[in-house]
Structures are given as structure tokens and as C-alpha cells.
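The structure under discussion appears below in the form of C-alpha cells.
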2 protein chains.
Amino acid sequence: MSNLGHIGEIGLIQLIKHKIDTSPLVNTPPDGFELLVGVGDDAAIWRPTNSAYYVQTTDTLVEGVHFSRNTFTWSDVGWKLAAVNLSDLAAMGADPAAALITLGLSSDLDMEMVDGLYDGILECFNSYSGQIIGGDIVRSDQLFMTMSLIGQSDTFPMSRKSASVGDVVAVTGNLGSSAAGLSVLKSGDKQQFSGLAHAHLRPDPQIRMGKLIRNSGIDCAIDISDGLLSDLAKIGLASEVEIHIEASLVPFDNVLIDKDWPNLTELIFTGGEDYQLAFTGKEELVRELLQGSTGAIIGQVREGKPGHVKIFSKSGEEINFDRPGWDHLLI
Amino acid sequence: MSNLGHIGEIGLIQLIKHKIDTSPLVNTPPDGFELLVGVGDDAAIWRPTNSAYYVQTTDTLVEGVHFSRNTFTWSDVGWKLAAVNLSDLAAMGADPAAALITLGLSSDLDMEMVDGLYDGILECFNSYSGQIIGGDIVRSDQLFMTMSLIGQSDTFPMSRKSASVGDVVAVTGNLGSSAAGLSVLKSGDKQQFSGLAHAHLRPDPQIRMGKLIRNSGIDCAIDISDGLLSDLAKIGLASEVEIHIEASLVPFDNVLIDKDWPNLTELIFTGGEDYQLAFTGKEELVRELLQGSTGAIIGQVREGKPGHVKIFSKSGEEINFDRPGWDHLLI
């Protein structure tokens, strides 16, 4: 069998999903527990019979992969762990309910680290709600932390597979700030570009906007964690549609233009980790939702090759990228 | 602040629990989501209003800490990941419902690894039920895997805090086999002692016995993961009682006596990872439950110092251990 570096995350998930789907007894839930969406979306959805919908997701941060002690305080790491999980619930239009947290820690770590980490988690939860109901602590030379988060929604949550041909595609706010912020944190002027650094360290999960969108009747959304192109491709694949984007419509922080930022287009389209939402719906409805926000309509849902995302310049020329987004396992 | 090696896991959990309990908004769940047991037991318990009880737990395996490639096949690792999580549900008397799985993997791993891992997970789930509803895959040089598991129960699940003075203390089966099996796997005769090796690689979570115990009306249990003394101390602390054990009553595999196994007493009392249940209840009821099993009544719940576990020889002398069980963070 080929190794993970060659197959990549998507191939790996497909293999796992196939194994789960074809396993004889695994997909028989107990009475009263109804699974509605399993492997393959931002979160799994299930419900007790005749009750609300509960939404569960999990995300992990690994030191040296998702953060570094040189650029993050421990409380920044805690905030981000909570924020990336909450962002998955935002993409479903759900309310946060309950979290489990697993810490993989080496014995030489200082208590200040755990203290700061939980400060950041709780600060984020206090801004968006959510409670910690348990977890696990294990020893590990490489530091990691996992959150497993349940959310709740009175209506059926949004998914990736409901994009319809003719819908417009929109995002809830600026893209590229987090990726630009990372370069600032590594070797830039942290005073001058504190807003960009903040966007990387302390992203705001779009919980309230996610619920507004859901309550308007829209049922297709995703959070932009891996990069706009990569995440739109996931909507396109799940919905079996092609997505066309007009590059000049994608919103970003003015400071990036003012300062003539290097690789601007790449940052905006493939940078990732902004944790804005991308969603699709009828133009009038979407326009109303975005009033007064930095969000914008950026393109359309079209018939075509499922998962194909095409980007056009203002003058109608197609723009190509060699490597859209970030695949955690591709070398 | 002192470092984790000095404070240990229990001190660390206390700090985290305190921080969570004193955080202003974190403990306000959304309407219709009722949290009944949070941080501090085998699993968290919550329920949708007027519905069944849902039980959620999480456990992680880290390479080099919980398993080694020299002694485990990948499918053994998968089985064990599922089994240690199921065991927490067994201790609550709950049915497995749904699991999220996080994998921290390096790019140089072979696909056979993931394939074998899921084979083991699914094999275990197919024996005891449970479904995988999602997860996360991240890059990590040190390999780890986390399961977050929800269970369900029609009656209020068992906890650690219901042991009453006058109750007897019982275990559901042999102890020490897993620890003996680990030594066999490292440097012993794997053919001759295949039963012991199997006990370490493929522990049986006591899901069915847990439900039998719960349905009999018993409401206090724990799974023996860290070692009998350490886990009974947790019951004693939570229930504010002292526990007295008669060493000669603790059941173990005859092969350990036949072969004059080194450190036998230590293996049985502090070895851990057998994933039998320890529980407390009225003597007659417990005796009935244990009929036809390898389980046994091993002691009594007494008034005294909360969390204190005393072990007595057949002749009534007290036996002392310097370091009961295994604390993941004590150096």
C-alpha cells in the first residue's frame, strides 16, 4: 500500500469512510439514537427521537504543526483550540453545548502552560458559550490538544451538500488576514500589523452569523479553515456542482493592498485559518444577510465538474493555482 | 508555578476543574441540554429534556507511552483504543452509541497502518456495538489516536460517588493478567503465555456486565484501568469512604501462581489495564450477579479516611504498597 504522504488526507478519509460504511454492525445505532450525518461534513448530526438536533465535532492542535511557542502564548493556543471547534458548529448554524478536552503533555511542562491554555479556552467559550464536560490527559513528548464539541440546533443544521445551481456564493468577512498574520508573527512588525497578528492568533468563530444564516432558511455552508479554494471544492464535491468565483469580489483587509503585501492573491485564496463562513443561497436573501458586514457575494454555483472551482479576473480571464489550500498529509 | 511532573495528573485535573467551575458563563448550557455529571467521573452525563441519558467519554493512546510497534499490531492498537473507551461506558452501565476518532499521524506512515487500526476498532465495535460518526486527522511526529465516545442509558448511569458503608466491594474478573501479558510481550514466551499476552493486547470491555450490574439496581462502579488500588481510591474519595480489601479474595489467572510469577501481588493490585469493573453493593445482590463468573467479592466499604484503601492478608495483617497504580504525569 502507498504511504500517507502520497495519498493525502482526502484519500485517507475516503478509505476510512468506506471501511466504516461496509462494516456490518457498526452502523446500527441503539434505539432512540438517530444519526443523520456521519463522517464527511463539518460535524456529525444525530438526535434523540422527537427532540433537538445535537451536533458533534472534534479538532486538534499539534505543537510545531498548528502553532509554535515562539508566536503563540498558551492562552492564544487555548483560544484557538476552542475557536476552530466552534467554527465547525458555526458552519452548521448550531449553538455550542458541551466539550471534552484531551491534552497530550510532557512532564517538563510548566503549570502556567495549562493555566494559560484553559484561560484562553474559557475566554473564547465565555464569548460564544459552551461548557467543558470532561476529557483525558496523557503523556506525549509532542504536545497536542484535542477538543470534541457537541452543539445543538432546533432546526436541521446546514451541510455542504445543499448548494444549488443558480445560487450565489458568499463569504462572511475578510480572507487572507490570518495567513498574513502568521508571516507577521514569524518575521514582521507586530506593532504595525497587530490586527493581522490578532486574526491569526485569535480568530472569531462565526457562531452568531451561522445562526442568522441558518434562520434565514439557507442550508449550505462551510467554515474556511483550509483555504477558500479548498473549502469551496468540498461544497462543490458534496453538492455535485462547479463553483465560479470573481477574484475582485473577495473581501480582504485594506492594509494588505496599502502595504503591497507579497503573494496577496495566494494568501486570500489558499491561506486558510480565517474561520469565516462560505455559504450559498438565493441572491436577494444573501445580499440582505450581508448588509452592514464585511462579507460579500463572490461568485455563483454552476453546472459542471463536481468540486471544480474556477476563478476569474474582473476582465473574465481564468486564474490558475497549482496547489489549492493545504492538505495536512501531502508532503 | 511548579511543573507537571511534580503536581501529577490529579493535581492538574483539580486545577482545571476549579478553573472551569469558577468561570462565569461556561456552566450555562443551552435550553433543553441538561448536564448531570461533568468533569471528574468516567464519562460526562447529559440529557435532552424528557429523553434518555447520553454518556460521553474520551481516551487517547500515544505511541511509546500506551503501546509500542514492537508488541502491538496496528489492529491490536485499534481494538485497544475502542476497548478502553467502551470500558468507561461499561463502568456507567451505558450502551455505546457514537464515536469520533482523531488520528495524529506522520507523513511517512504506511496506509496499512490506518487500515489495520480501523480493522481493530471496527472488530471491537462489532463485538460490543457503537458507530463512528466523525473525527479529525492531523500531522504529528509522535503518533497518537483519540476516541470520543457517546453512550446511552434509559436509567441514570452509575458513578463513583455512591458507595455506602456496609456495602461489599467486588470485581468482575481476573486482575494482573494485562500487566503480566505486557512483560510476556516484551521478553517472555508468547506461545506459552498467549492468554496473558491477549489480555494485554485485546482487553474485553465489560459492557454487558456493566448493564447487568446497573439493571440490578447497583449505582456505584468504576473500570479498572490504572490499577485496583488507584481505582478503588477514586471510588473512596468520591464516596467519602474507606475501602478494606482481603488480598486472598482478589481473583487472578492460575497460570500466575503455577509459574511462580515475579511481583505477583504488585501486578494484581497495581498493574492496571485489565478493564474489569469494580463495584459496590449489598452482599446478597452482588453474590447473585457474580454467579458463574470469575468475578468475586473482595472487601467492604467502611467508615474512615475518604479514599483510603487498606489491604489485609488472610490472617488480618495490613499489606503496604509504596506507590499504588500509575499516575501518567508523575516522573
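The values are calculated or read from the model by the stated rules, or taken from the named source; none is laboratory data. Computed from a predicted model, the values in this text were never measured in an experiment. In this analysis, Cβ positions are derived from the backbone assuming ideal geometry, glycine residues included, and neighbour counts consider all displayed protein chains. SASA here: full protein model, heavy atoms, side chains in, ligands and nucleic acids out. Shrake-Rupley method; radii C 1.70, N 1.55, O 1.52, S 1.80 Å.
Can you say whether A:ALA97 is among the aliphatic types (A, V, I, L, M), buried (at least 24 other Cβ atoms within 10 Å of the Cβ) and within 16 Å of A:LEU81 (Cα to Cα), as far as the supplied structure shows? Explain how you work it out, then say what you get.
Numbers: among the aliphatic types (A, V, I, L, M): yes; buried (at least 24 other Cβ atoms within 10 Å of the Cβ): yes; within 16 Å of A:LEU81 (Cα to Cα): yes.
Taking the combined requirement at face value, the residue satisfies it.
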>> Looking for something over 28 Å from B:VAL65 (Cα atoms), more than 7 Å from chain B (Cβ to nearest Cβ) and of a type in the set (Val, Ile, Thr) - is there at least one such residue anywhere in the range A:137-156?
In response: yes
> Taking the range A:71-120, which residues are among the polar types (S, T, N, Q) and facing another protein chain (nearest Cβ under 7 Å)?
Replying inline: A:THR102, A:SER107
> Going through the range B:169-208 one residue at a time, which ones are among the polar types (S, T, N, Q) and open to solvent by 40 Å² or more (accessible area, probe 1.4 Å)?
Replying inline: B:ASN174, B:SER183, B:SER187, B:GLN191, B:GLN192, B:SER194
> Of these, B:GLU284, B:GLU266, B:GLU288, B:GLU273, which one is open to solvent by 30 Å² or more (accessible area, probe 1.4 Å) and part of a loop (DSSP other than H, G, I, E, B)?
Replying inline: B:GLU273
> Considering only strands (runs of 3 or more DSSP E) fully contained in the range B:47-144, which possess at least 1 residues that are within 19 Å of the chain's Cα centre (by Cα)?
Replying inline: B:53-62, B:95-105
> Using beta carbons and a limit of 6 Å, which pairs, at least six apart or on different chains, have the first residue in the range B:262-278 and closer than 18 Å to B:GLY188 by Cβ and the second one open to solvent by 50 Å² or more (accessible area, probe 1.4 Å)?
Replying inline: B:ILE268/B:PHE252
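Which residue, of B:GLY120, B:GLY104, is of a type in the set (Gly, Ala, Ser) and over 20 Å from B:ILE150 (Cα atoms)?
Numbers: B:GLY120 fails: over 20 Å from B:ILE150 (Cα atoms).
Result: B:GLY104 is the single residue among B:GLY120, B:GLY104 that is of a type in the set (Gly, Ala, Ser) and over 20 Å from B:ILE150 (Cα atoms).
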>> Please go through (1) at the interface with another protein chain (Cβ under 7 Å from one of its Cβ atoms); (2) surrounded by fewer than 24 Cβ atoms within 10 Å (Cβ to Cβ) for B:SER127 and return the number of the only condition it doesn't satisfy.
In response: (1)
> Is at least one residue of the range B:69-84 closer than 16 Å to B:LEU149 by Cα, at pLDDT 90 or above and not hydrophobic (A, V, I, L, M, F, W, C)?
Replying inline: yes
